[in-house]
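Here the structure is laid out as structure tokens; the discussion comes afterwards.
The values are calculated or read from the model by the stated rules, or taken from the named source; none is laboratory data. Not measured: the values here are computed from a predicted model. A quick note on method: Cβ atoms are made from the backbone with ideal geometry, for glycine too, and the neighbour counts reach across all protein chains shown. Calculation scope for accessible area: heavy atoms of the full protein, side chains included, ligands and nucleic acids excluded. Shrake-Rupley method; radii C 1.70, N 1.55, O 1.52, S 1.80 Å.
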Amino acid sequence: MLKPSIIGVLVLTALLLAACTGAAGDSWAGLARDPEQSIVYVSWDQTVVAIDTTTGEDLWKYPEKDDRDAKFYAVPVIDNGTMYVGDYKGSLHSVNLEDGTRNWVYEPDRNTLVGPVSSTPSDRVISGVALNGDKVFFGLGSRNVVAVSRETAEEVWTFETNHGVWSTPLYIVGEDGQAILYVASLDHYLYALDPETGDQLWRKDLGGAIPGDMLYDPVLNRIYLGTFLSELVAVDLATQEIVAQFDTKGWLWGRPALEVQEDGTRILYFGDLEGYVYAVQITENGFEELWRRDVADKGIRSTPLLVGDMVIVGSQNKRVYALSKTDGDEEWDAKLKGEVLAELVSVPGNPEDEVDTSDLVIVSTTDGDDLVVAYKSVSGERVWRYKD
Amino acid sequence: MLDIIINPFITILLFLYQILGKNVVLSIVVFTILVRLATYPLTMKQQRSTKAMQELQPKLKQLQEKYKNDRERMAQAQWELYREHGVNPLAGCLVLIVQLPILLGLYRAIVATLAATPLQLLNLSGRLWVPELSNLVPMDNKFLWLNLAVPDPMYILPVLVVITTWLQQKLLMPAMSSDNNGSSGSDKTADQAANISRQMMMIMPLMFGFFSLSFASGLSIYFIASNFIGIGQYAMMGRIDFKQVLGLKSADDEPAAKGAKASGGTSPADSKLAYKAPPKPKRSGIYDSRATKAKGKSKG
């Protein structure tokens, strides 16, 4: 018979270890908008929820209650009435947007014994997916990129990098008609792959881990991405060379947002993990800083949202900030219960409606009480919130 | 508050990773050795304190017998005994309290630099004392069949953790007599303590084995390295009786006082929780050191 004192010591040790290994949380929610409807989808913990942005009420939840053995944090990707979302078991789900029912699930071969014993999965889908006509491409937390059939969920090919792929792959068809899948990895490399076979076409060492998504600029045929070397980098896809670099104060995780002005001026907005926000003009000679602002005392991870004359960013310090595009001056800010690390989305209002349907900024936090919150983009006034 | 420990640990671990050919396992092992060396004075201090306390056990038992019906006098006599011998009964605990944040910092540093999840990677930001090490983040998590950021799917590391933890406990645990069936109060206490000690020797390895199944296998590497280093450290001090572990010597042959030496250390499974076996009394409440010494000599 165990003595209570021994049990106490063991429980205390277990709690200490659990606490010190950071077992509390894994990630932030994935938030995406259906561009054709006033609906946002949030993947959080065991469910993906469809929320009506006019009311803040949920429409459906995926999966059904008795089938919740996976965790979802990857950004859902919407295409042609279907949602694709990965989970923390390394599976990919295809879901019918009408009612949230499952089309299919791709489950990777798990040559592991961990499942039945451990709560820690052997692999994870952390990012969103890229799509072409017949395939879905996604990265795995360990090191692989996988292509599966959109119709049958059969695995077509896999490609192995030297570290985790936490960035959403980018599928681009060039002017010459050649399709290439670009993959950024934590192993510092940007890979160009043949989407049909998964063969590597070329790769470029960017010097630091690339955890975030890439931005494609079709006019200049470049990819912009941030690295943990605290650099925003522009890679020319024709020459496969780095053509511009911009040093930042902190590590970069979020994808930059591009604004093309009427006169053709191209400006990138992005934040770093030290809480700075930057506006950088793309010039023939590279990047030219327009302004930088020390906005938050903690990191800005997600892509800035460009709404009207404002740049809106979320921070790890549980705040959302609206800044002037012109000079970075703060227009409004709002306090939330959790860290704002997920991507922000905007939903345009309908000026012809009789009721107030202002443009909305929708954010998601790491706190279930403020899982999804909608603000009027002009004023920062809270419109609704959705609790987990 | 732990950041003051975690941040330099993360920086040191990354520095080791850089100079050791980006071999994450080697980095963790060397890092563990360095931490053990850094905490060596504390370990020694704890051992001395434990030993001193152990040496006072016979006198304490005499006091317990003498004042068994007067707790107040007993406490006063104990205090005077400690003062007379310059012993602080809390010294061992204090050392453990100092070591605990170091241990937690070490765990956190390993888990953080392997960064299995987005939040772990995000929380690495701003922690590096040398920003130039940013190009090493996150560390490569592949080693042989392992992804060091997740548990070992083949169960090999958890089994090794259990075996090495048990081995360390067994080597450091004081010998326990099997014939403590006397009816005196001190015999009962000794039996009870010995039972606790045996239970701990079973439970601790299993508990760390379970941790190993649940947490990053990089942490299992640390557990194993720490256990081996702990065993090596005590072996170099000449405080391990391999004969007893190998079954070449009966536990009853062990001079009682020798058990007192096996305590302290910074390993996760060190004998912090181990019972420090009191010398077996010759008669109820009276310790005959001459008899024990003679017995030890004749067997030796």
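Overview of results
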{"read-out": "Single match in A:Val183, A:Val146, A:Val114, A:Val165 (criterion: open to solvent by less than 10 Å² (accessible area, probe 1.4 Å), modelled with pLDDT under 95 and of a type in the set (A, V, I, L, M))", "value": "A:Val114"}
{"read-out": "Single match in A:Glu289, A:Glu196, A:Glu259 (criterion: over 19 Å from the mean Cα position of the chain (by Cα), farther than 27 Å from A:Val340 by Cα and away from every other protein chain (no Cβ under 14 Å))", "value": "A:Glu196"}
{"read-out": "Residues within the stretch B:86-134 that are facing chain A (nearest Cβ under 9 Å), at pLDDT 90 or above and loosely packed, with under 15 Cβ neighbours inside 10 Å, tallied", "value": "0"}
{"read-out": "Subset of the stretch A:124-137 [more than 14 Å from chain B (Cβ to nearest Cβ), out of contact with any Pro (no Cβ under 7 Å at 6 or more places or on another chain) and open to solvent by less than 20 Å² (accessible area, probe 1.4 Å)]", "value": "A:Val129, A:Val136"}
{"read-out": "Count of the stretch A:150-162 residues which are open to solvent by 20 Å² or more (accessible area, probe 1.4 Å) and either within 13 Å of another protein chain (Cβ to nearest Cβ) or not in a loop (DSSP other than H, G, I, E, B) (or both)", "value": "6"}
{"read-out": "Unmet criterion (only one of (1) surrounded by fewer than 23 Cβ atoms within 10 Å (Cβ to Cβ); (2) touching a strand residue (DSSP E or B) at 6+ places or on another chain (Cβ under 8 Å); (3) at pLDDT 95 or above; (4) part of a loop (DSSP other than H, G, I, E, B)) for A:Leu341", "value": "(1)"}
{"read-out": "A:Ala279 within 20 Å of A:Glu231 (Cα to Cα) and not in a loop (DSSP other than H, G, I, E, B)", "value": "yes"}
{"read-out": "Residues being part of a loop (DSSP other than H, G, I, E, B), open to solvent by 30 Å² or more (accessible area, probe 1.4 Å) and not hydroxyl-bearing (Ser, Thr, Tyr) - total across the stretch A:205-250", "value": "9"}
{"read-out": "Condition broken by A:Arg385, with the remaining ones in (1) open to solvent by less than 50 Å² (accessible area, probe 1.4 Å); (2) modelled with pLDDT of 95 or more satisfied", "value": "(1)"}
{"read-out": "Criterion violated by B:Tyr82 - all others in (1) over 30 Å from A:Val340 (Cα atoms); (2) crowded, with 18+ Cβ neighbours inside 10 Å satisfied", "value": "(2)"}
{"read-out": "A:Leu190 vs. criteria under 18 Å from the mean Cα position of the chain (by Cα), farther than 22 Å from A:Gln240 by Cα, crowded, with 21+ Cβ neighbours inside 10 Å and of a type in the set (A, V, I, L, M, F, W, C)", "value": "no"}
{"read-out": "Some residue of the stretch B:166-174 being at pLDDT 85 or above and buried (at least 22 other Cβ atoms within 10 Å of the Cβ)", "value": "no"}
